[in-house]
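Taken together, the values in this text are just the output of simple stated rules run on the coordinates, not laboratory data. Everything quoted here is computed from the prediction, not taken from an experiment. When we count neighbours, we look across all protein chains shown, and the Cβ atoms used for this are built from the backbone with ideal geometry, even at glycine.
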Amino acid sequence: MRRWALLILTLICVSVKDISGSWEEWWTYDGISGPGFWGLINPQWSMCNKGRRQSPINVEPDKLLFDPWLRDIQFDKHKVSGVLHNTGQSLVFRVEKDSKHQVNISGGPLSYRYQFEEIYFHYGLEDNRGAEHQIDKHTFPGEIQLYGFNKELYHNMSEAQHKSQGVVGISLMVQIGEPTNKELRLITSAFNKVIYRGSSFPIKHLPLSSLLPSTQQYLTYEGSTTHPGCWETAVWVIFNKPIYISKQEMYALRRLMQGSQLTPKAPLGNNARPVQPLHYRTVRTNINFNKISQGTSNCPDMYRNMHYTATQWPREHSMRYRSIEDLEMLSPA
Ligand SMILES: *[C@@H]1O[C@H](CO)[C@@H](O)[C@H](O)[C@H]1NC(C)=O
Ligand SMILES: *[C@@H]1O[C@H](CO)[C@@H](O)[C@H](O)[C@H]1NC(C)=O
C-alpha cells in the first residue's frame, strides 16, 4: 500500500515537473498564450493578471516628480562574457555564471548592490513599435533591458526575481540612426547566428557600461519584470537618452524567428508587453532643469514645478543631426 502511494506520488511529481517545463516554453506575445493570458497559463504567474504595480508603463512627463536625493547610477566598468540566446520569445544575453568579475550595479535609487545577470532585447518589426516603456505615448523602435539581481539579499536571479527588492531593470531606449553604438555591434554582429529558437552564440568581452548612453539623467519607478511571472520586485531606471542602432542592424534583428529551422513560425519581433496602468505610483527623476537658473537658493525642493515635456522624435535620425548624442527624451517645457 505504502509503495503504491509512493509510486503515485512520484508519478504526479514527474508529470507536474513536465508541465511546468512546458509552461516556460508556452507563453508568447500574441494569441491565446499572449500577455493577457500569462496569469492564467501558470498559477505562479498570477501577478501578470492581478498585479497593480506592473511594468512596462507609459511615462507621463507632466506627472514626473523631481527628487533631489537621487544619486548617480554606479555601473562597474569591466567587460563581461556570456551567451546570446534566441529563446523563441526574446533575444536574451546571459552572463557567464562562473565569471570571477561580475558587474555590480548600485547607486541611483537602489538601496542594495545588484549583480548584472542578463539583457533582454525588445524590438518591433516596424519602426513605430518595439519598446515596452513609452514616453508620453511615444514608442521607440526598440528597448534593451539590463537586469540585475539583489546580490546582498539573494544568491541568484531565480531566487531574487520573486522576492522583495529582488531585481533592477535598466532600460535603454533604442533609436534607429547614426552614429551607432559601437559596443552594441559586438552583439548585433551575432544576430545571424541566433536566427532560430534554441540557437545561441557566445559573446566575449562585452563592455557593458559603454552600452549606456552618455547621461546620468534618468527616470525611476517601482514595477515588475515585463516577462512572466511579472513579479513586483523590480526597481526600474530609464535613461533620458536613447542609444542608436543602424538600419542594417535592425534589419538583421528582424530576421530572427520564433521557431526552429524546420518550423520557423512567425518573426521574433514585436515582443513587447503592452503598457500597464500606473495605479497611483510615482515616477521620480533626477533631471533638474532649474540648476542653471537656481541662483541664490540651493535648497532642494521636491515640489518645484519642472514642466517636463517629451521630445518629438523623427522616424529616423541621420548624420544630418550633428548633435544626435545630445538629444534627450525629456526637456524643459
Ligand atoms: C562587486 O561587489 C563585490 C562586493 O562588494 C566586490 O567584491 C567586487 O569586487 C565588486 N566588483 C567590482 C568589479 O568592483
Ligand atoms: C539559486 O539559489 C537557491 C538558494 O540558494 C538555490 O536553491 C537554487 O538552486 C539556485 N538556483 C540556481 C539556478 O542556481
request  = Using label points projected 7 Å from each Cα along Cα→Cβ, tell me how many nm separate Gln102 and Tyr280, to one decimal.
outcome  = 3.7 nm
ask   = Does anything in the range 116-148 have its amide N under 14 Å from the 7 Å Cα→Cβ label point of Asn270, and if so which residues?
value = 123-131
task = Would you order Lys100, Lys247 from fewest to most other beta-carbon atoms within 10 Å of each residue's own beta-carbon?
result = Lys100, Lys247
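Using 0.36 nm times the number of residues separating Asn290 and Asp30, minus their current alpha carbon distance, what extension gain do you get?
Computed gain between Asn290 and Asp30 is 89.2 nm.
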ask   = Which FRET efficiency value, to the nearest 0.05, do you get for Leu262 and Arg185 by plugging their Cβ-Cβ distance into 1/(1 + (r/R0)^6) with R0 = 35 Å?
value = 0.70
GluC sites (Glu not before Pro) lying in DSSP loop within the range 91-133, provided at most 13 other Cβ fall within 10 Å = Glu126
ask   = What ranking do Leu84, Leu278 get, fewest neighbouring Cβ atoms within 10 angstrom at the top?
value = Leu278, Leu84
task = Classify the range 46-101 as rounded, prolate or oblate from the Cα gyration tensor: take a ≥ b ≥ c as the square roots of its eigenvalues, call it rounded if a/c is under 1.5, otherwise prolate when a/b beats b/c and oblate if not.
result = oblate
